[in-house]
Amino acid sequence: MASRPSRFRLLHRRRTLAAATALGGMTACILVVTPQEAHAQFRPQPMHLNTGAKTSPDEPATFQSDSVNYDDHANTVTWTGNVQVWQGDHVLRADKIVFDRDTGIVAARGNVATIQPDGSVMYANYAELTGNMRDGIMLHVNARLPENAKLAANGLRRTGGKVNVMSRAVYTACEICEKDKTRAPFWQFRAYDATQDLQHERIDFRDTFIDIFGIPVIYLPYFSMTDPSSKRHSGFLMPGVTPHDRYLGTYFTIPYYWVLDDTSDVTVQGLFSTKTGPQLSAQYRKLFNFGMLNVQGGIAYDTHRSSSYTNNFGEPVGRGNGHGMQGYIFANGQFSINKYWRAGANINLATSADYMRDYRVQGYGSDTLNSNAYLEGFGTGAYSRVDAQYYQGLNQGVIRNSDLPFVLPRYTYSYLGQPDAWGGRFGVSTTDFNVRRDNGTSDMRGQLALNWDRPFTNRLGQKFLLTLHLDSMVYRARKLYQQPNFYKTGATSVSGQVLPTIALKTNWPFIRTFEHGHGTQILEPIVQAIYAPNTGAGTNDNIPNEDSLAYEFTDSTLFSLNRYQGTDRLDGGLRGNVGMHANWTWDGHEIDLLGGASFQEHITQDRLPYSGLDHHVSDIVARARVVPNQYFDFTARMRLNPYTSKFDFGDALFSAGVPHFRVRGGYIYEPVTPYYYYATDYRSSGPTQLYYVRTSELSGGFSTDWANWHLSGFARRSLSRKEFVSLGGDIGYNNDCFGLDFMYLKQYTSIGGQQRNSTYLFTVSFKTLGAFGLK
């Protein structure tokens with residue numbers, strides 16, 4: 001007889017023994033191998049498991065135990081000592097298993113444990129099972145579920161392998177104290193009875209108390225939840241309630257989640273308010289092998305009627321069209337055509353801004369809703385994209401919907417080649433578009449830019465960069481007398497420009513080490529010479545302006561060939577840029593400085609006031625970054641006018657703190673508010689008075705956390721307008737199974753003639769159950 005465990009398949013015995021495994025009663029032929037350890041392997045009959053699948057008759061079920069005993073008089077088979085039974089991914093363990101051949105009952109006692117394929121484990125002191133383990137009872141049951149959830153009961157009755165009915169059930173997702181397992185967890189559900197529906201993946205509790213630290217705080221006659229083992233399950237989600245809202249009054253939201261299949265689902269939500277009509281909204285999500293689709297929409301009957309008001313420009317704004325049947329649709333999708341090309345769209349449309357305001361539709365508060373559809377391709381060093389863009393205005397106090405453009409199409413292409421025989425790299429790019437406006441300039445543009453860069457270094461360590469660049473554009477425009485150009489012409493104009501540019505930039509870094517080689521110091525003079533024909537700002541040629549409305553001369557654009565954001569306006573003429581860069585780095589500390597200025601032969605008069613480039617010698621720009629240690633960092637930029645000794649621009653950011661506490665702050669200054677420059681006919685009467693209002697804003701905040709608590713706060717205040725922009729704070733508690741959070745936010749921005757209210761959001765989260773919010 002073998003000294004180590006062996007397995008045997010026996011087909012004949014004096015009498016047939018009926019044995020039952022933890023997976024079900026089945027016929028087997030069993031041979032006692034040794035008094036210490038026994039094994040048996042056999043071919044079971046097909047049977048239904050809890051998952052609803054069928055066990056293959058070719059899959060063996062196996063016993064393993066320290067000993068096995070056959071009692072012919074009692075007609076029983078007994079396995080004792082570390083009994084293990086498994087078939088496929090199902091496992092049963094116990095100290096002792098007895099099979100009664102007359103009744104077909106399997107009795108397991110002592111450290112009974114069953115392991116399911118999903119990883120869930122159920123423990124019991126005693127179990128009686130029959131009918132292929134589909135029926136039976138268990139005493140003193142403990143189940144460990146996914147997400148660290150735990151379910152315990154005094155007793156359990158299983159019916160048909162699909163329903164477990166438990167008495168005196170307790171459920172929690174909190175950690176159990178290792179030192180004192182009788183100590184109550186942070187929260188738990190105590191129910192008179194509970195029903196676990198394995199087929200529909202739900203757990204229902206009746207006569208339930210919610211205990212916090214073992215103290216009953218809430219009574220629920222009935223509560224139903226999704227089984228934690230279910231990753232996606234249809235059913236109602238946590239409802240929401242808001243006691244007060246300016247436009248909705250008191251309102252409730254009731255969402256329902258519907259699983260369509262493995263790759264798609266729908267969430268439907270009803271909103272019921274005391275001040276206006278109800279809203280029905282839905283979100284559909286679909287995941288493909290080659291992309292994704294997300295569609296969200298809503299419909300409601302809005303009973304509110306908006307009032308007229310006067311906007312910031314002194315213009316009357318009539319009532320909106322938000323009364324009556326209203327709706328919105330937000331959709332986005334992206335689909336891969338092949339490994340080089342993909343297509344997509346982002347559609348955001350609403351019947352009115354007033355409707356979005358009244359029902360707090362996500363996105364309200366922005367100036368516009370943006371939509372686009374695109375096709376883009378990727379290659380080695382190349383990118384291509386064609387798209388269409390549409391904008392819907394939401395805040396007529398800032399911009400009218402008729403002023404916004406419709407772009408169809410816009411084409412973008414860029415290519416950067418590999419180093420050539422001369423050591424340079426050639427690049428080509430284009431951005432072409434067709435822009436249409438109901439109120440404003442409509443124009444088409446074709447553009448092509450060629451670029452060649454050749455870097456080289458001499459024996460003294462100087463680094464040079466030679467750049468040859470060519471910009472060319474052709475336009476066809478009408479209504480140039482309207483925004484944003486305001487030219488004195490009503491004729492349709494065809495114009496263009498070609499601008500060749502040559503530039504040579506040199507960096508001469510001087511480097512030394514200190515602190516015994518642990519520190520590095522860099523002192524780097526930078527000089528750049530640029531020449532291009534002086535073309536002015538395009539005004540004399542009636543060239544429209546779409547992508548170069550913003551102009552900012554800072555340290556980031558000091559050495560740029562074109563300091564406009566786009567190419568409708570180009571920097572021409574002869575100019576030289578100089579700067580000094582210094583850096584010290586040692587033992588985790590860093591100081592980085594940059595300062596410089598531009599010298600230009602020609603001055604373009606059609607630039608924004610306070611641009612910093614309205615003299616032959618530009619404003620002085622500088623940047624400083626100081627990080628002395630891990631507890632503090634500081635970054636500041638500025639632009640100083642050498643003629644007036646005044647700052648034309650400045651901003652600063654700092655962060656300081658220790659572990660678990662951090663303070664942040666910032667400041668920004670500009671003598672004007674650039675956004676309003678193109679809002680009115682600045683060529684005839686100059687910019688609106690709103691343009692000359694200084695931008696002077698201070699912001700700050702802090703955040704801290706200790707143990708399971710967190711606290712933060714922030715504020716933004718306009719010093720020039722002497723009012724806050726926004727302020728708020730957040731305080732909360734989180735542990736392994738529970739979350740509590742309170743947030744406050746107040747915004748002072750005027751939108752649609754109305755100033756925003758304060759928002760209070762109180763959220764309670766229970767792990768595996770969901771979150772409940774009160775706003």
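From the residues in the stretch 310-344 that are surrounded by fewer than 16 Cβ atoms within 10 Å (Cβ to Cβ) and among the hydroxyl-bearing types (Ser, Thr, Tyr), which one is farthest from residue 400 (Cα to Cα)?
The selected residue is 340.
Hey, any hits in the stretch 747-755 for a residue that's of a type outside the set (A, V, I, L, M, F, W, C), closer than 24 Å to residue 147 by Cα and either in contact with a Cys (Cβ under 9 Å, 6 or more places away or on another chain) or surrounded by 15 or more Cβ atoms within 10 Å (Cβ to Cβ) (or both)?
no
Given the options 499, 465, 448, name the one that is without any contact (Cβ under 8 Å) to a residue 40 or more places away in the chain, in a strand (DSSP E or B) and at negative phi.
None of the other options fit; the residue is 448.
What residue, among those in the stretch 260-302 that are in a loop (DSSP other than H, G, I, E, B) and surrounded by fewer than 13 Cβ atoms within 10 Å (Cβ to Cβ), is modelled with the lowest pLDDT?
Applying the filter and picking the extreme gives 262.
Quick check: anything in the stretch 582-601 over 29 Å from residue 626 (Cβ atoms), modelled with pLDDT under 90, in contact with a strand residue (DSSP E or B) (Cβ under 9 Å, 6 or more places away or on another chain) and of a type in the set (S, T, N, Q)?
Looking for residues that are over 29 Å from residue 626 (Cβ atoms), modelled with pLDDT under 90, in contact with a strand residue (DSSP E or B) (Cβ under 9 Å, 6 or more places away or on another chain) and of a type in the set (S, T, N, Q), one finds none in the stretch 582-601, hence no.
Taking residue 179 as meeting all but one of (1) assigned by TED's automatic domain parsing to the domain that holds residue 136; (2) touching a residue at least 12 places away in the same chain (Cβ under 8 Å), write down the number of the exception.
Residue 179 satisfies all of (1) assigned by TED's automatic domain parsing to the domain that holds residue 136; (2) touching a residue at least 12 places away in the same chain (Cβ under 8 Å) except (2).
For residues that are small (Gly, Ala, Ser) and in a strand (DSSP E or B), scanning just the stretch 332-366, find the one that is nearest to residue 269 (Cα to Cα).
Ranking the qualifying residues of the stretch 332-366, first place goes to 350.
What number of residues within the stretch 667-695 satisfy the criterion of being of a type outside the set (Val, Ile, Thr) and surrounded by fewer than 17 Cβ atoms within 10 Å (Cβ to Cβ)?
Looking only at that region, the number is 11.
It is to be established whether one or more residues within the stretch 486-495 are hydroxyl-bearing (Ser, Thr, Tyr), surrounded by 14 or more Cβ atoms within 10 Å (Cβ to Cβ), in contact with a Gly (Cβ under 6 Å, 6 or more places away or on another chain) and outside any strand (DSSP E or B).
No, there is no match, as no residue in the stretch 486-495 is hydroxyl-bearing (Ser, Thr, Tyr), surrounded by 14 or more Cβ atoms within 10 Å (Cβ to Cβ), in contact with a Gly (Cβ under 6 Å, 6 or more places away or on another chain) and outside any strand (DSSP E or B).
Checking the conditions here, which among 62, 51, 78, 114 is assigned by TED's automatic domain parsing to the domain that holds residue 156 and at pLDDT 85 or above?
Every option except 78 fails the conditions.
So which residues in the stretch 550-583 are over 30 Å from residue 477 (Cα atoms), surrounded by fewer than 16 Cβ atoms within 10 Å (Cβ to Cβ) and within 33 Å of the chain's Cα centre (by Cα)?
556, the sole residue that qualifies.
Listed here are the residues, each with its yes/no results for (1) assigned by TED's automatic domain parsing to the domain that holds residue 313; (2) within 35 Å of the chain's Cα centre (by Cα); (3) of a type in the set (Phe, Trp, Tyr); (4) at pLDDT below 95.
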site: 661; (1), (2), (3), (4): no, yes, yes, no
site: 675; (1), (2), (3), (4): no, yes, yes, yes
site: 686; (1), (2), (3), (4): no, no, no, yes
site: 690; (1), (2), (3), (4): no, no, no, yes
site: 698; (1), (2), (3), (4): no, yes, no, no
site: 707; (1), (2), (3), (4): no, yes, no, yes
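Do we find that residue 713 is buried (at least 17 other Cβ atoms within 10 Å of the Cβ) and under 29 Å from the mean Cα position of the chain (by Cα) in this structure?
no
Only one of these is outside any strand (DSSP E or B), over 30 Å from residue 356 (Cβ atoms) and small (Gly, Ala, Ser): 230, 167, 224. Name it.
After ruling out the rest, the residue left standing is 230.
Scan the stretch 424-445 residue by residue and report those that are charged (D, E, K, R) and in a strand (DSSP E or B).
Answer for the stretch 424-445, where residues must be charged (D, E, K, R) and in a strand (DSSP E or B): 425, 432, 436, 443, 445.
Which residue out of 751, 731 is over 30 Å from residue 628 (Cβ atoms) and in contact with a Gly (Cβ under 7 Å, 6 or more places away or on another chain)?
Among 751, 731, only 751 is over 30 Å from residue 628 (Cβ atoms) and in contact with a Gly (Cβ under 7 Å, 6 or more places away or on another chain).
The values are calculated or read from the model by the stated rules, or taken from the named source; none is laboratory data. The shown structure was predicted, so the numbers you read here are calculated from the model rather than taken from an experiment. Please note: Cβ atoms are built from the backbone with ideal geometry, for glycine as well, and neighbour counts cover all protein chains shown.
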